[in-house]
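Chemist: Pasting in a structure now, in structure tokens, and then I'll have a few things to ask.
The values are calculated or read from the model by the stated rules, or taken from the named source; none is laboratory data. Fair warning: this is a prediction, and the values are worked out from it, not measured in the lab. All Cβ positions, even for glycine, are placed from backbone atoms using ideal geometry, and neighbour counts span all protein chains on display. Heads up: the accessible areas ignore ligands, DNA and RNA and are worked out on the full protein's heavy atoms, side chains in. Shrake-Rupley method; radii C 1.70, N 1.55, O 1.52, S 1.80 Å.
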Amino acid sequence: KDLKDQMVIDAGQKHFGATVCKACGMVYSAASPEDEAQHVQYHQRFLEGIKYVGWKNERVVAEFWDGKIILVRQGDPKYATKKVEGVRELVDNELGFKQVALACPTQTQTYLFVSLNKVVGCLIAEPVRQAFRVISEPAECPTKNSLEHHRAWCCSTKPEKVVCGVSRIWVFSLMRRKGIARRLVDVVRRTFVFGSCLSPDEIAFSDPTPDGKLFAAKYCQT
Ligand code: ACO
Ligand code: ZN
């Protein structure tokens, strides 16, 4: 292990006493019984939220040796839309989103990657017509002096035509780097618009997190 990294972690723990649960992602203080109790409660809720027992009429859009992808649309049976809402809440929690509204709820399509009776991946896709490319080079950034300044990244001012917006993409933390997000996006490209296959350029990731940016950059170049 990298010694420098290790020191940073140790110092952080001494200072804040914070622990991150590797499964549910909650940050809590193991030294505080109250925090611990809150974690146990949230952890249970999380496990319950991602539990998937199978539905009579599930729309399976892809199958793999280690799982399958199910598509849920607006107007599907209540048990399906309720499950999707619950998963979205957990994902928003982890992303630190607070009630970020979907642009167009009636046309939203949610893709769930299910493995061993658990939802281990979720992608929420919406129709979008234009997007602004993320620029990583600060020097190129046209909004450098505006209020957007505090962001770690910025966007081009030139709109580009896209078809599908990924408003959320999330993979269960213990199942990352197994190609689950990649397979979710592949399936969106094949199924989002009936009868056509979208190119990576026609998909935009909204407000990406650092993880999301690394994933999207890799996905779009391959
Ligand atoms: N760091 C560096 N490269 C990465 C990372 C990362 N954290 N994640 C993915 N990649 C790249 C890699 O090149 C990877 O291939 P490799 O493993 O062979 O090197 C390639 O992308 C494909 O990765 P997947 O295995 O398909 O990605 P994964 O299933 O792990 O899911 C995701 C990626 C969704 C970003 C996951 O890390 C996650 O859920 N993070 C927390 C939630 C989050 O931040 N989501 C994005 C929000 S932005 C938005 O929703 C629009
Ligand atoms: Zn936990």
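Chemist: Got a number for residues in segment 69-102 being over 16 Å from the mean Cα position of the chain (by Cα) and open to solvent by 70 Å² or more (accessible area, probe 1.4 Å)?
Modeler: So the answer is 6.
Chemist: Collect the residues in segment 153-177 that are open to solvent by 60 Å² or more (accessible area, probe 1.4 Å) and over 12 Å from the mean Cα position of the chain (by Cα), keeping them in residue-number order.
Modeler: Of everything in segment 153-177, those that are open to solvent by 60 Å² or more (accessible area, probe 1.4 Å) and over 12 Å from the mean Cα position of the chain (by Cα) turn out to be 157, 158, 159, 161, 174, 177.
Chemist: Please go through segment 58-68 and pick out each residue that is touching a Leu at 6+ places or on another chain (Cβ under 7 Å) and open to solvent by less than 60 Å² (accessible area, probe 1.4 Å).
Modeler: 61
Chemist: I've got another one for you. What number of residues within segment 178-222 satisfy the criterion of being open to solvent by 70 Å² or more (accessible area, probe 1.4 Å), within 12 Å of ligand 1 (Cβ to nearest atom) and more than 20 Å from residue 70 (Cα to Cα)?
Modeler: 7
Chemist: For segment 21-57, which positions are within 15 Å of ligand 2 (Cβ to nearest atom) and open to solvent by 90 Å² or more (accessible area, probe 1.4 Å)?
Modeler: If the condition is that a residue be within 15 Å of ligand 2 (Cβ to nearest atom) and open to solvent by 90 Å² or more (accessible area, probe 1.4 Å), then 22, 27, 38, 41, 44, 45, 48, 51 are the ones that fit.
Chemist: Now for a different question. Search segment 17-34 for residues that are more than 19 Å from residue 50 (Cβ to Cβ) and assigned to a loop (DSSP other than H, G, I, E, B) and pair each with any residue that is open to solvent by 50 Å² or more (accessible area, probe 1.4 Å) and away from ligand 1 (no atom under 14 Å from the Cβ) when their beta-carbon atoms are under 6 Å apart and the residues are at least 6 apart or on different chains.
Modeler: 17/31
Chemist: Anything in segment 178-191 that is part of a helix (DSSP H, G or I) and either out of contact with any strand residue (DSSP E or B) (no Cβ under 8 Å at 6 or more places or on another chain) or not aliphatic (A, V, I, L, M) (or both)? List them, or say none.
Modeler: Result: 182, 183, 186, 189, 190, 191.
Chemist: Among 71, 102, which is under 16 Å from residue 169 (Cα atoms), in contact with a strand residue (DSSP E or B) (Cβ under 9 Å, 6 or more places away or on another chain) and assigned to a strand (DSSP E or B)?
Modeler: 71
Chemist: In addition: Got a number for residues in segment 192-212 being farther than 17 Å from residue 172 by Cα, in a helix (DSSP H, G or I) and touching a Phe, Trp or Tyr at 6+ places or on another chain (Cβ under 8 Å)?
Modeler: Counting residues in segment 192-212 that are farther than 17 Å from residue 172 by Cα, in a helix (DSSP H, G or I) and touching a Phe, Trp or Tyr at 6+ places or on another chain (Cβ under 8 Å) gives 1.
Chemist: Name the pairs whose Cβ atoms lie under 6 Å apart, with the first residue in segment 198-222 and without any contact (Cβ under 8 Å) to a residue 24 or more places away in the chain, the second among the hydroxyl-bearing types (Ser, Thr, Tyr) and exposed (fewer than 13 other Cβ atoms within 10 Å of the Cβ), and 6 or more positions between them or separate chains?
Modeler: none
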